[in-house]
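Below is one structure, written out as structure tokens; the observations come after it.
The values are calculated or read from the model by the stated rules, or taken from the named source; none is laboratory data. Only a predicted model underlies this, so the values are computations on that prediction, with no experimental measurement involved. Here Cβ is always computed from backbone atoms with ideal geometry, including for glycine, and neighbour counts include all displayed protein chains.
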Amino acid sequence: MTDFAPMSPAATQNRNSDVQKLALRWLLFAMLGLFALFYLMPLFVMVTTSLKSLEEIRTGSLIAFPRELTFEAWRTAWSGACTGIKCEGLQPYFWNSVLIAVPAVLLSTGLGAANGYVIAQWNFRGANLIFSLMLFGCFIPFQVVLLPMAMMLGKMGLAGTIPGLILTHVIYGLGFTTLFFRNFYVTIPADLVKAAKVDGAGFFRIFWSIFLPLSLPIIVVTVIWQFTQIWNDFLFGVSFSQAGTQPVTVALNNIVNSTTGVKEYNVDMAAAIIAALPTLLVYVVAGKYFIRGLTAGSVKG
Amino acid sequence: MVTWFENQIPKVVLAPSFVALLIFVYGFIGWTAWVSLTRSRLLPKYDLHGTIQYKKLFSSPRWDTAMENLLVFGVLFIVISMCLGLLLAILLDQKIRVEGALRTIYLYPMALSMIVTGTAWKWIMNPGLGIEAMVRSWGFESFSFDWVINPDMAIYAIVIAGVWQASGFVMALFLAGLRSVDGEIIKAAQVDGIPNWRIYSAIILPSMAPIFLSAFIVLAHLAIKSFDLVIALTGGGPGYATDLPATYMYAMAFSRGDLGQAASSAMVMMGVVFAIVVPYLYSELRAKHD
Amino acid sequence: MAPILDIKNLYKNYGATEILKDINVAIEPGDFLVLVGPSGCGKSTLLNCIAGLEPITGGTIDIGGRDMTHVSPKDRDIAMVFQSYALYPTMSVAKNITFGMKVRGVDQATQERKLAEVAAQLQIEPLLNRRPGQLSGGQRQRVAMGRALVRDPKLFLFDEPLSNLDAKLRVSMRSEIKKLHQNLGATMVYVTHDQIEAMTLATKIVVMKGGVVQQIGTPAEIYNHPANLFVADFMGSPAMNLIPARTRRNGKALQIEIERAEGEPMVLEGEHSGELPADIILGLRPEDIAEAGFRSGQKVQAAECRIDLVEPAGADTYVVSELGGRQVTARLHAETKAQPGAMLDLAFDLGKVSYFAPDTGKRLN
């Protein structure tokens, strides 16, 4: 029986390295756990704070669970909090964001698919130049187009309107959506288009019958990417909207920074969670595609 | 001829986007460049006056602060995010059973708006009721953590929030990179008896150079464009202690009504971005053609 | 009979690069034309030009007596099988085959009848509801053929259809294509880089290099009378021996002198009525060099050569000897006693010989 056998030096060494391995393993889990706490802490604090009363916030600790659950802050954040002079909560602005994001996502994805299809499969002289120009366009800091865009929207009669914001998001989202679809379609062998041409199909038929049915994964990636970008946008929202057409991020910032009255931290946190909820939901439901979009957006070509 | 028309369809489909690109991106850049060379104030004027706006910009202490902040924020944000992201990726690469869940936790901040991130951290770091108050209530009466309202430290508060938001993304990039290293090379190294840390430092990390580069590009790009985070966390304050070029440009454009300054600061921002991005894109596009 | 495909003075440029230069090919109904050449020789581009998938820079293409030079692919009455098969990945096998008819508005009943015919012909009935992703390479190949067959076109175009299959399957599909051609009596244009495929399938071969036609002819013509050094070297496996030699006239007789690795140069008596330059390249296929005594004929002459290498290949044994500074391969019978390093009398059949000019590479006899 090994239990009674005298221990050889080699066995001791093994035992030692086993202990070492186990210790390392524990250290690893401890570090991973600590980091998880670091990333989760703000979310935890947001949720608990939003469920506390102001009184409890003032007297209690930042990281304590609420002693008494109250959804008052959520109700206020949704329909009563003040953004500047108006006090109707986040609700109207949440719907503004929906009204901006949904058409802008659909339009920019559709156009990106068509552009990507042309650039990847119907290469004509100059198509690559156009693609390079689009790629560079992805990287411009939007500050450089902010002023002329404001003037242009004014000239078009779209200043401060939701259609104006939709147009802005579609135009400046096109570079990325085109890039996504182009990089996806470029992996599809050119023979497929040739075969379809010989079969008698034309440009649109080939797109509709052959390419679109293939595209579900990249459509999901693009829609998620665009939705996250547009929903989370602040710069265009704050620059090109006016009272009544502001998206939810702008309204959230206004609620948090409104200087009138008592600072209601619980309402701020509830409002922040409401503003974050749609993108968080998308992330939880379709995280795989979200990550794919992020990495595709950064590892070009 | 029918075939001639058929051949034009792809161009016709691409044309609207191309026209939009020419006007709304390149045309607008041109407009901004032009206006940055004029004496425009509240309204744009189109008579060129040389580099007068740039001279004014570079002699403005507020712009100085903004550029300094960009340097401090950019360097710290990029370096810490990269290190943290790499560390997390290596830790997660040790065949952990709960990897999926941990990855989800590390990465979720990337799904949030910077405004939400700023709001949350503003509350957490607020001295009256946040971390400072919490630690003091544990008995450390002299503990002080007032970075958000301390002009000397506020920029570091922004770094914390920025790193919190972006490091998970770097982790995802690096993890994908670690996984794409040829498994046979690693097996060969293990057979040769090379210790794990050496395998990482000598074989895996060097082969990930392109991923370091893209992570750097994305982070640098994020840093230069940072606007919402500052607005939500400090509003550029106290005073203009945490101004970044992006907030400076916005202030000039929409609250100060100084189009010339707004345009010239935007052009400088674009110069900085392109100095970083253009060589990268150029090499990428060229590599593709070869 | 009028040619079914008639290509005249075809040029194709990409920018400043000439891809195809002055191509002239015509084939009759029922022909099996094979375009063969090394990669980059322009054979696939030529096929794409015939299909109308690539515009041409100059010349004309007639199909079925009609000028199709500027007609789009769908109106050329052609069908095409691709190297990658190019099956529509999201459609079932049946839909893949009927897509062309559907696009052209053929009625449902006809579609189903033709689908059934083709499926029976290619024995792919059990696969009709599968997706291409669920098929093996050979099955995909059949479906791709089915998609072409169902169209009943004037011209079938094949772009290296067998090159993605493993060796065994390639041979069996090759004979199936040949059978198909014989049964249908259809006209086919077939691109390959594999000269064995070209020899076995073609009624007419076009050998191409660098965008220029090197030779057009029947497989026998190409094999026995290569027009130049390139064709001689490219067609046939093992390749034709190309041996540098000197000629001189001894009265009426033509003497051909070839350096040997050891000893005096060997001298063969040739027969050629015309003038020959002093330096030539002598082309002899391995099967035209045998062990002395195993080959008879008027123009067979023997000479002693040192054997450097013996390669038994089952049915035959190949031996290598150095002649004219080249490694020359001879195809001997399987039971030969040839030993490496030993001398052996080899018989050269000068009745099958080709003479080439070393400078231009052109055939001289």
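A quick yes/no check of all residues on (1) touching a residue at least 24 places away in the same chain (Cβ under 8 Å); (2) surrounded by 15 or more Cβ atoms within 10 Å (Cβ to Cβ); (3) not in a helix (DSSP H, G or I):
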| residue | (1), (2), (3) |
| --- | --- |
| C:N96 | yes, yes, no |
| C:K114 | yes, yes, no |
| C:A120 | no, no, no |
| C:A144 | yes, yes, no |
| C:A148 | yes, yes, no |
| C:P153 | yes, yes, yes |
| C:K168 | no, no, no |
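Looking at the range B:33-85, which of the residues that are hydroxyl-bearing (S, T, Y) and within 30 Å of B:F169 (Cα to Cα) is surrounded by the most Cβ atoms within 10 Å (Cβ to Cβ)?
B:S81
Rundown of residues vs (1) over 21 Å from B:G237 (Cβ atoms); (2) surrounded by 22 or more Cβ atoms within 10 Å (Cβ to Cβ); (3) over 27 Å from the mean Cα position of the chain (by Cα), yes/no style:
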| residue | (1), (2), (3) |
| --- | --- |
| B:Y108 | yes, no, no |
| B:L112 | yes, yes, no |
| B:M134 | yes, no, yes |
| B:G139 | yes, no, yes |
| B:N150 | no, no, no |
| B:M153 | no, no, no |
| B:A161 | no, yes, no |
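Any residue at all in the range B:82-92 that is under 30 Å from B:G257 (Cβ atoms) and of a type in the set (A, V, I, L, M, F, W, C)?
Step one: filter the range B:82-92 for residues under 30 Å from B:G257 (Cβ atoms), giving none.
No - not one qualifying residue is present in the range B:82-92.
Does A:T48 satisfy being of a type in the set (S, T, N, Q) and either more than 30 Å from A:A243 (Cα to Cα) or within 10 Å of chain B (Cβ to nearest Cβ) (or both)?
yes
Determine which member of the set C:A26, C:A79 is within 9 Å of chain A (Cβ to nearest Cβ), of a type in the set (A, V, I, L, M) and either under 28 Å from C:Q141 (Cβ atoms) or under 19 Å from the mean Cα position of the chain (by Cα) (or both).
C:A79
Do we have B:A246 as at pLDDT 90 or above and under 20 Å from the mean Cα position of the chain (by Cα) here?
Yes.
For residues in the range C:284-317 being assigned to a strand (DSSP E or B) and more than 12 Å from C:L346 (Cβ to Cβ), which is nearest to the chain's Cα centre (by Cα)?
Just the residues of the range C:284-317 that are assigned to a strand (DSSP E or B), to begin with: C:284, C:289-291, C:300-312, C:316-317.
Add one more test, that the residue is more than 12 Å from C:L346 (Cβ to Cβ), and what stays is C:308-312, C:316-317.
Working: C:D308: 31, C:L309: 29, C:V310: 28, C:E311: 26, C:P312: 26, C:D316: 23, C:T317: 25 Å.
Checking each candidate, the answer is C:D316.
What's the total number of residues in the range C:83-111 that are under 13 Å from C:R147 (Cα atoms) and among the charged types (D, E, K, R)?
Residues in the range C:83-111 being under 13 Å from C:R147 (Cα atoms) and among the charged types (D, E, K, R): 2 in total.
Report yes if some residue within the range C:184-197 is over 17 Å from the mean Cα position of the chain (by Cα) and either without any contact (Cβ under 8 Å) to a residue 24 or more places away in the chain or part of a helix (DSSP H, G or I) (or both); otherwise report no.
Looking through the range C:184-197, at least one residue is over 17 Å from the mean Cα position of the chain (by Cα) and either without any contact (Cβ under 8 Å) to a residue 24 or more places away in the chain or part of a helix (DSSP H, G or I) (or both).
Can you pull out every residue in the range C:298-324 that is exposed (fewer than 12 other Cβ atoms within 10 Å of the Cβ) and of a type in the set (G, A, S)?
Within the range C:298-324, C:A313, C:G314, C:A315 meet the criteria.
Among the residues that make up the range B:55-69, is at least one of them more than 8 Å from chain A (Cβ to nearest Cβ) and within 17 Å of B:I160 (Cβ to Cβ)?
There is at least one residue in the range B:55-69 that is more than 8 Å from chain A (Cβ to nearest Cβ) and within 17 Å of B:I160 (Cβ to Cβ).
Counting only residues that are under 21 Å from the mean Cα position of the chain (by Cα), more than 7 Å from chain A (Cβ to nearest Cβ) and touching a residue at least 24 places away in the same chain (Cβ under 8 Å), how many does the range B:220-243 have?
13
Residue by residue, here is whether (1) surrounded by fewer than 24 Cβ atoms within 10 Å (Cβ to Cβ); (2) at the interface with another protein chain (Cβ under 9 Å from one of its Cβ atoms) holds:
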residue	(1), (2)
A:L135	yes, yes
A:L158	yes, no
A:T161	yes, no
A:F176	yes, no
A:V193	yes, yes
A:A196	no, yes
A:F203	yes, yes
A:I206	yes, no
A:S209	yes, yes
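Among the residues that make up the range C:218-237, is at least one of them without any contact (Cβ under 8 Å) to a residue 12 or more places away in the chain and either among the aliphatic types (A, V, I, L, M) or at positive phi (or both)?
Within the range C:218-237, one or more residues are without any contact (Cβ under 8 Å) to a residue 12 or more places away in the chain and either among the aliphatic types (A, V, I, L, M) or at positive phi (or both).
Kindly indicate which of A:G84, A:G164 is over 30 Å from A:R205 (Cα atoms), touching a residue at least 24 places away in the same chain (Cβ under 8 Å) and outside the structural domain of A:V256 (by TED's automatic domain parsing).
A:G84
Restricting attention to the range A:236-246, which residues are within 10 Å of chain B (Cβ to nearest Cβ) and over 25 Å from A:Y289 (Cβ atoms)?
Listed by number, the residues that qualify are A:V238, A:S239.
With the requirement that a residue be within 24 Å of B:T247 (Cβ to Cβ), more than 7 Å from chain A (Cβ to nearest Cβ) and in a helix (DSSP H, G or I), what does the range B:97-127 give you?
Selection gives B:T117, B:G118, B:K122.
Among what's in the range C:29-71 and is more than 23 Å from the chain's Cα centre (by Cα) and hydroxyl-bearing (S, T, Y), pick the residue that is nearest to the other protein chains (Cβ to nearest Cβ).
Here the answer is C:T69.
Please determine, by comparing only the residues of the range A:211-221 that are more than 7 Å from every other protein chain (Cβ to nearest Cβ) and out of contact with any helix residue (DSSP H, G or I) (no Cβ under 7 Å at 6 or more places or on another chain), which one is modelled with the highest pLDDT.
A:L212
Can you tell me which condition C:I50 does not meet? The list is (1) free of Cβ contacts under 8 Å to residues at least 24 places away in the same chain; (2) assigned to a helix (DSSP H, G or I), and all the others hold.
It fails just one condition, (1).
Criterion first (more than 8 Å from every other protein chain (Cβ to nearest Cβ), crowded, with 19+ Cβ neighbours inside 10 Å and small (G, A, S)) does B:A166 satisfy it?
Details: more than 8 Å from every other protein chain (Cβ to nearest Cβ): yes; crowded, with 19+ Cβ neighbours inside 10 Å: yes; small (G, A, S): yes.
For B:A166, the condition - more than 8 Å from every other protein chain (Cβ to nearest Cβ), crowded, with 19+ Cβ neighbours inside 10 Å and small (G, A, S) - is met.
How many residues are crowded, with 24+ Cβ neighbours inside 10 Å and either at the interface with another protein chain (Cβ under 10 Å from one of its Cβ atoms) or hydroxyl-bearing (S, T, Y) (or both) if we restrict to the range A:267-276?
Total satisfying the criteria: 6.
From the list C:Q121, C:Q83, which residue is over 25 Å from C:G210 (Cα atoms) and not aliphatic (A, V, I, L, M)?
Values: C:Q83 fails: over 25 Å from C:G210 (Cα atoms).
Result of the check over C:Q121, C:Q83: C:Q121.
Does the range B:81-96 hold any residues that are assigned to a helix (DSSP H, G or I) and within 7 Å of chain A (Cβ to nearest Cβ), and which are they? If you could, list the steps in order and put the result at the bottom.
Applying the first criterion (assigned to a helix (DSSP H, G or I)) to the range B:81-96 yields B:81-92.
B:L88, B:L91 - these are the residues of the range B:81-96 that are assigned to a helix (DSSP H, G or I) and within 7 Å of chain A (Cβ to nearest Cβ).
From the list B:S201, B:S207, B:S264, pick out the single residue that is under 26 Å from B:K55 (Cα atoms) and more than 10 Å from every other protein chain (Cβ to nearest Cβ). Spell out how you get there, then give the answer.
Values: B:S201 fails: under 26 Å from B:K55 (Cα atoms); B:S207 fails: under 26 Å from B:K55 (Cα atoms).
Checking each option against the conditions leaves just B:S264.
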